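Student: Encoded as structure tokens, here's the structure I'll be asking about.
The values are calculated or read from the model by the stated rules, or taken from the named source; none is laboratory data. Values in this document were obtained by computation on a predicted structure and should not be read as measured data. Note that each Cβ is placed from the backbone with ideal geometry, even for glycine, and that neighbours are counted across all protein chains shown.
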Amino acid sequence: MKKKLNVSGKKRMKLTPQRMAIFEYLDGNRSHPSANDVYKAVIERFPTMSFATVYNTMDMLKTKGMVLELSIDPDKKRFDPNPVPHHHLICVHCKKIVDVHRDFSLDLSEEERGDYEIIGNHVDFYGVCKTCSKKDRKEEREK
């Protein structure tokens, strides 16, 4: 993530200590955090930092293609710091998201495709993670 920031295009992003803390949190992060998650993680180091700083930084990173905005959780925007094409496995209970790095060949008929030229796909799988499954079984036994 930090290496990519040096090639930030026409509109350069000022690398403040607060933004660097955000980049460090995102670098290698696989939890698909919301802006609020990022804010909570970096506020301890920078107690005067505003939520707007985090939100605006995330928005700029999204605009530059350095993070992806996920529309998986209707209650909050989540971000994926891995912009390389991949898919997701999502727990329907706790909303944990896991990356799936595998190609899925999904061919559409001409009728389905219409006048679109297909340039990619994204597949979301939904299920119950092991932690939630154990919790569900425990709750069932306690009834």
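Student: Of the conditions (1) more than 13 Å from PHE79 (Cβ to Cβ); (2) in contact with a Phe, Trp or Tyr (Cβ under 9 Å, 6 or more places away or on another chain); (3) modelled with pLDDT under 95; (4) surrounded by fewer than 16 Cβ atoms within 10 Å (Cβ to Cβ), LEU5 fails just one. Which one is it?
Tutor: Here LEU5 clears every test but (4).
Student: Mind telling me which of the residues SER31, SER50, SER133 ends up being more than 26 Å from LYS14 (Cα to Cα) and of a type in the set (Gly, Ala, Ser)? Step through it out loud before you land on a result.
Tutor: Numbers: SER31 fails: more than 26 Å from LYS14 (Cα to Cα); SER50 fails: more than 26 Å from LYS14 (Cα to Cα).
Result of the check over SER31, SER50, SER133: SER133.
Student: Condition first: part of a loop (DSSP other than H, G, I, E, B), under 18 Å from the mean Cα position of the chain (by Cα) and surrounded by 15 or more Cβ atoms within 10 Å (Cβ to Cβ). Now tell me which residues in the stretch 32-65 satisfy that.
Tutor: Taking the stretch 32-65 as the starting set, the residues that turn out to be part of a loop (DSSP other than H, G, I, E, B) are 32-33, 43-50, 64-65.
If we keep only those that are under 18 Å from the mean Cα position of the chain (by Cα) too, we end up with 32-33, 64-65.
Listed by number, the residues that qualify are HIS32, PRO33, LYS64.
Student: Let me ask another. From LYS143, LYS77, LYS96, LYS138, which residue is under 19 Å from ASP37 (Cβ atoms), basic (Lys, Arg) and at pLDDT below 90? Even if it seems obvious, please write down each step before you answer.
Tutor: Values: LYS143 fails: under 19 Å from ASP37 (Cβ atoms); LYS96 fails: at pLDDT below 90; LYS138 fails: under 19 Å from ASP37 (Cβ atoms).
Matching residue, one of LYS143, LYS77, LYS96, LYS138: LYS77.
Student: Filter the stretch 74-93 down to the residues that are in contact with a strand residue (DSSP E or B) (Cβ under 8 Å, 6 or more places away or on another chain) and surrounded by fewer than 14 Cβ atoms within 10 Å (Cβ to Cβ) and list them by number.
Tutor: LYS76, VAL92
Student: Identify, please: which residue in the stretch 55-76 is among the basic types (Lys, Arg) and out of contact with any Ser or Thr (no Cβ under 6 Å at 6 or more places or on another chain) and is, among those, farthest from ILE43 (Cα to Cα)? Show your work before the answer.
Tutor: Here is the first cut: in the stretch 55-76, the residues among the basic types (Lys, Arg) are 62, 64, 76.
Now narrow it down to the ones that are out of contact with any Ser or Thr (no Cβ under 6 Å at 6 or more places or on another chain): 62, 64.
Details: LYS62: 21, LYS64: 24 Å.
In this case the residue turns out to be LYS64.
Student: What is the one condition in (1) assigned to a loop (DSSP other than H, G, I, E, B); (2) surrounded by 10 or more Cβ atoms within 10 Å (Cβ to Cβ); (3) small (Gly, Ala, Ser) that SER133 does not satisfy?
Tutor: Checking SER133 against (1) assigned to a loop (DSSP other than H, G, I, E, B); (2) surrounded by 10 or more Cβ atoms within 10 Å (Cβ to Cβ); (3) small (Gly, Ala, Ser), the one that fails is (1).
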